Amino acid sequence: MSAGAILAGVLAPHPPHLVYADNPPQNEPYAECGWEELRWGYERLRKSIASRGVPDVLIVHSPHWRTNSGHHFLGVDHFAGLSVDPVFPNLFRFHYDLEVDVELAQAIHDEAAAAGLQTKMMTNPSFRVDYGTITACHLVRPEWDIPIVCISASRAYYLFSNEVGDAQMIALGQATARAVADSGKNAVLLASNSLSHRHFTVEPSLPEDMSKEHVYHHGQYLWDMRLLELMRQGKSREIVDILPDYTEQTVSETKEGSLSWLLGALDFPTYPAEVHAYGSVIGTGNAIVEWNPQHG
Ligand SMILES: [Fe+2]
């Protein structure tokens with residue numbers, strides 16, 4: 001068996017607005033349009049990944065599957081149901097039907113446990129898959145024709161500190177990369193977090209009214225640009241250095257660990273990342289960013 005590989009590492013934010021505006025048949029609400037820069041960014045990302053073949057599996061780390069203790073992995077091979085965004089039930093009522101690569105999930109679980117992390121396989125067949133997972137996977141692979149591995153967000157950042165959280169997530173990322181290499185599979189890794197995350201508290205009557213959409217706070221925008229510039233320059237170690245501060249200053253979803261996990265899995269890339277898009281969703285900063293280890 002040849003060694004597995006990471007085909008792409010992706011910062012794949014999950015605003016339900018992007019699925020809403022795409023009008024896929026699985027989603028009940030209907031949108032006229034909206035957030036085109038980000039949706040077309042996802043389109044560019046999909047083309048870029050497709051140019052390197054069809055991956056065997058998507059591995060997603062989701063900020064919205066929150067587990068108080070340790071890192072959990074979906075451990076049932078099929079899930080179906082209705083996912084409703086608790087904040088935006090008017091935008092996201094999505095009928096999902098997905099397959100899980102339990103073998104690879106178990107392998108990552110075992111590697112992480114061997115590295116000293118607290119882990120658990122989630123084996124409840126009635127479990128409702130979180131919308132952060134569904135949204136990111138849908139935007140990267142709307143065909144839903146390949147299995148996923150889904151990893152939860154532990155609370156280490158909240159129970160200890162941003163530094164402890166990042167250290168754990170980097171170790172989890174490295175365990176993920178070892179398991180992928182041993183699996184012989186080609187994987188695309190999705191860090192499903194947005195960047196700066198201060199957002200509006202009132203929704204416009206028409207959610208897709210783009211005259212209402214804008215950056216919420218210039219300082220947070222500057223932080224986002226700083227982070228993206230470092231990604232574009234291949235300066236991952238510098239990103240890790242400033243991440244605890246960035247997370248605090250921008251109330252960012254990086255506090256759930258997805259980006260740190262990805263940088264650990266990619267072994268701190270020194271090659272430039274491709275920023276496919278940056279845009280605001282209810283004022284939050286969202287970037288679609290791709291690392292291609294084969295071109296590194
Ligand atoms: Fe979120």
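The values are calculated or read from the model by the stated rules, or taken from the named source; none is laboratory data. Values in this document were obtained by computation on a predicted structure and should not be read as measured data. Cβ sites come from the backbone with ideal geometry, for glycine too, and all protein chains shown count toward neighbours.
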**Prompt:** Condition test on residue 264, is it surrounded by fewer than 17 Cβ atoms within 10 Å (Cβ to Cβ), away from the ligand (no atom under 16 Å from the Cβ) and either assigned to a strand (DSSP E or B) or not charged (D, E, K, R) (or both)?
**Reply:** no
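Residue-wise test of (1) closer than 17 Å to residue 65 by Cα; (2) surrounded by 21 or more Cβ atoms within 10 Å (Cβ to Cβ); (3) modelled with pLDDT under 95.
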{"position": "128", "(1), (2), (3)": "yes, no, no"}
{"position": "143", "(1), (2), (3)": "no, no, no"}
{"position": "148", "(1), (2), (3)": "yes, yes, no"}
{"position": "165", "(1), (2), (3)": "yes, yes, no"}
**Fill in**
Of (1) touching a residue at least 40 places away in the same chain (Cβ under 8 Å); (2) over 22 Å from residue 10 (Cβ atoms), residue 46 satisfies every one except (2)
**Prompt:** How about segment 132-149: which of its residues are closer than 13 Å to residue 12 by Cβ, among the β-branched types (Val, Ile, Thr) and more than 11 Å from the chain's Cα centre (by Cα)?
**Reply:** 148
**Fill in**
Filtering strands (runs of 3 or more DSSP E) wholly in segment 43-118 for at least 1 residues that are closer than 14 Å to residue 148 by Cβ and in contact with a Pro (Cβ under 6 Å, 6 or more places away or on another chain) gives 57-67, 93-99
**Request:** May I ask you to list pairs of residues, at least six apart or on different chains, whose Cβ atoms are under 8 Å apart, with the first in segment 1-25 being touching a residue at least 24 places away in the same chain (Cβ under 8 Å) and over 20 Å from residue 92 (Cβ atoms) and the second being within 16 Å of the ligand (Cβ to nearest atom) and assigned to a loop (DSSP other than H, G, I, E, B)?
**Result:** 11/193
**Asked** Quick one: in segment 11-42, which of the residues that are under 16 Å from the mean Cα position of the chain (by Cα) and part of a loop (DSSP other than H, G, I, E, B) is farthest from the ligand (Cβ to nearest atom)?
**Response** 12
**Asked** Any residue in segment 81-93 that is farther than 24 Å from residue 165 by Cα and among the small types (Gly, Ala, Ser)?
**Response** yes
**Asked** Is it true that residue 296 is surrounded by 20 or more Cβ atoms within 10 Å (Cβ to Cβ), over 20 Å from residue 168 (Cα atoms) and either at pLDDT 95 or above or out of contact with any strand residue (DSSP E or B) (no Cβ under 9 Å at 6 or more places or on another chain) (or both)?
**Response** no
**Test set (1) within 18 Å of the chain's Cα centre (by Cα); (2) within 16 Å of the ligand (Cβ to nearest atom); (3) not charged (D, E, K, R) - residue 227 fails condition number** = (2)
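Conditions (1) more than 16 Å from the ligand (Cβ to nearest atom); (2) more than 14 Å from residue 61 (Cα to Cα); (3) surrounded by fewer than 23 Cβ atoms within 10 Å (Cβ to Cβ), marked per residue:
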{"residue": "86", "(1), (2), (3)": "no, yes, yes"}
{"residue": "96", "(1), (2), (3)": "yes, yes, yes"}
{"residue": "100", "(1), (2), (3)": "yes, no, yes"}
{"residue": "115", "(1), (2), (3)": "yes, yes, yes"}
{"residue": "121", "(1), (2), (3)": "yes, yes, yes"}
{"residue": "131", "(1), (2), (3)": "no, no, no"}
{"residue": "136", "(1), (2), (3)": "no, no, no"}
{"residue": "139", "(1), (2), (3)": "no, yes, no"}
**Request:** Could you please find all residues in segment 185-202 being closer than 22 Å to residue 132 by Cβ and either part of a loop (DSSP other than H, G, I, E, B) or of a type in the set (Lys, Arg) (or both)?
**Result:** 192, 193, 194, 195, 196, 197, 198, 199, 200, 201
**Request:** Answer yes or no as to whether residue 205 is of a type in the set (S, T, N, Q), away from the ligand (no atom under 16 Å from the Cβ) and part of a helix (DSSP H, G or I).
**Result:** no
**Asked** Looking at this structure, is residue 148 in contact with a strand residue (DSSP E or B) (Cβ under 6 Å, 6 or more places away or on another chain) and away from the ligand (no atom under 16 Å from the Cβ)?
**Response** yes
